[in-house]
Amino acid sequence: MSGSLPSDAVTEPSTEFDASPSRIVLYPDPVLARPAMPVEVVDESVRTLAERMIELMRSSEGVGLAAPQVGVSRRIFVADPAPGPESVPVVFINPELEFGGSLEPFEEGCLSIPEVRVTVRRPSVVKIRALDLEGRPFELEDDDFPARVWQHEFDHLEGVLITDRMSPRDRLAHRKRLKEMREDFEAAGR
Ligand code: ZN
């Protein structure tokens, strides 16, 4: 083949992703700061990815996990706000949120930022619309902890972390820990 590649050939994002990621990525991995791309087709690779995310969420004792947290920049998250033997995790693909109620403070943690807990103010009532694993639209509404989890995970799809929502007080409290994490990330050469 001769000639040069069209200029957009190198910048166009790959449509493939790792459907079996092995670990949760940690702050400050750049994938966590990037808005994720919509899922175009809900196919077998998306179902495999969602299954793997549920495994990783459970083994980490989390209540939610978003695809960027496993290094996949796609608009998918899983949530299991009341984990237990009976609970059924829900998968949200290309979710959209609608807010209501008042802003309520609540302390949140994040599997990508271990040992850091931050008080975040968020709307108390949320309606969420998304696609399920068969590509069918569904809608849920909540005014309690699940609404909180959905908003935290949705933030991940926008490239927003709880560290972006910290008060000056939390910022000061976690300065050392976040600096350590940045140094570890650099030392690992990623
Ligand atoms: Zn998180």
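No value in this document is a laboratory result; all are computed from the given coordinates. This is a predicted model, so every value here is computed, not measured. Here the Cβ positions follow ideal geometry from the backbone for every residue, glycine too, while neighbour counts run over all protein chains shown.
For residue 160, the conditions (1) within 11 Å of the ligand (Cβ to nearest atom); (2) touching a residue at least 24 places away in the same chain (Cβ under 8 Å); (3) under 21 Å from residue 36 (Cα atoms) all hold with the exception of (2).
For the stretch 61-78, the set of residues classified as within 9 Å of the ligand (Cβ to nearest atom) and without any contact (Cβ under 8 Å) to a residue 40 or more places away in the chain is empty.
Of all residues in the stretch 85-98, those satisfying the criterion of being at negative phi and either away from the ligand (no atom under 16 Å from the Cβ) or more than 12 Å from the chain's Cα centre (by Cα) (or both) are 85, 86, 87, 88, 89, 90, 91, 93, 96, 97, 98.
Within the stretch 111-149, the set of residues being surrounded by fewer than 14 Cβ atoms within 10 Å (Cβ to Cβ), more than 28 Å from residue 26 (Cβ to Cβ) and either of a type in the set (A, V, I, L, M, F, W, C) or within 13 Å of the ligand (Cβ to nearest atom) (or both) comprises just one member, 138. Inspection of the stretch 29-50 finds a residue satisfying the criterion of being within 13 Å of the ligand (Cβ to nearest atom), more than 12 Å from the chain's Cα centre (by Cα) and touching a residue at least 60 places away in the same chain (Cβ under 8 Å). Restricting the search to helices (runs of 4 or more DSSP H) fully inside the stretch 76-190 and requiring at least 1 residues that are among the aromatic types (Phe, Trp, Tyr) gives 145-157, 175-187.
Let's see how each residue does on (1) in contact with a strand residue (DSSP E or B) (Cβ under 8 Å, 6 or more places away or on another chain); (2) closer than 30 Å to residue 141 by Cβ; (3) of a type in the set (Phe, Trp, Tyr):
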{"residue": "16", "(1), (2), (3)": "no, no, no"}
{"residue": "19", "(1), (2), (3)": "no, no, no"}
{"residue": "27", "(1), (2), (3)": "no, no, yes"}
{"residue": "34", "(1), (2), (3)": "no, yes, no"}
{"residue": "46", "(1), (2), (3)": "yes, yes, no"}
{"residue": "63", "(1), (2), (3)": "yes, yes, no"}
{"residue": "80", "(1), (2), (3)": "yes, yes, no"}
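Restricting the first member to the stretch 91-102 and to residues that are in contact (Cβ under 8 Å) with a residue 60 or more places away in the chain, and the second to residues that are assigned to a strand (DSSP E or B) and of a type outside the set (D, E, K, R), the beta-carbon pairs closer than 6 Å and six or more apart or on different chains are 92/77; 92/130; 95/128; 95/130. So residue 159 clears everything in (1) in contact with a strand residue (DSSP E or B) (Cβ under 9 Å, 6 or more places away or on another chain); (2) surrounded by 12 or more Cβ atoms within 10 Å (Cβ to Cβ); (3) closer than 19 Å to residue 27 by Cβ except one condition, right? Which one? Against the list (1) in contact with a strand residue (DSSP E or B) (Cβ under 9 Å, 6 or more places away or on another chain); (2) surrounded by 12 or more Cβ atoms within 10 Å (Cβ to Cβ); (3) closer than 19 Å to residue 27 by Cβ, residue 159 comes up short only on (1).
Somewhere in the stretch 99-107, is a residue surrounded by fewer than 19 Cβ atoms within 10 Å (Cβ to Cβ) and either within 15 Å of the ligand (Cβ to nearest atom) or under 19 Å from residue 29 (Cβ atoms) (or both)? Yes, the stretch 99-107 contains a residue that is surrounded by fewer than 19 Cβ atoms within 10 Å (Cβ to Cβ) and either within 15 Å of the ligand (Cβ to nearest atom) or under 19 Å from residue 29 (Cβ atoms) (or both).
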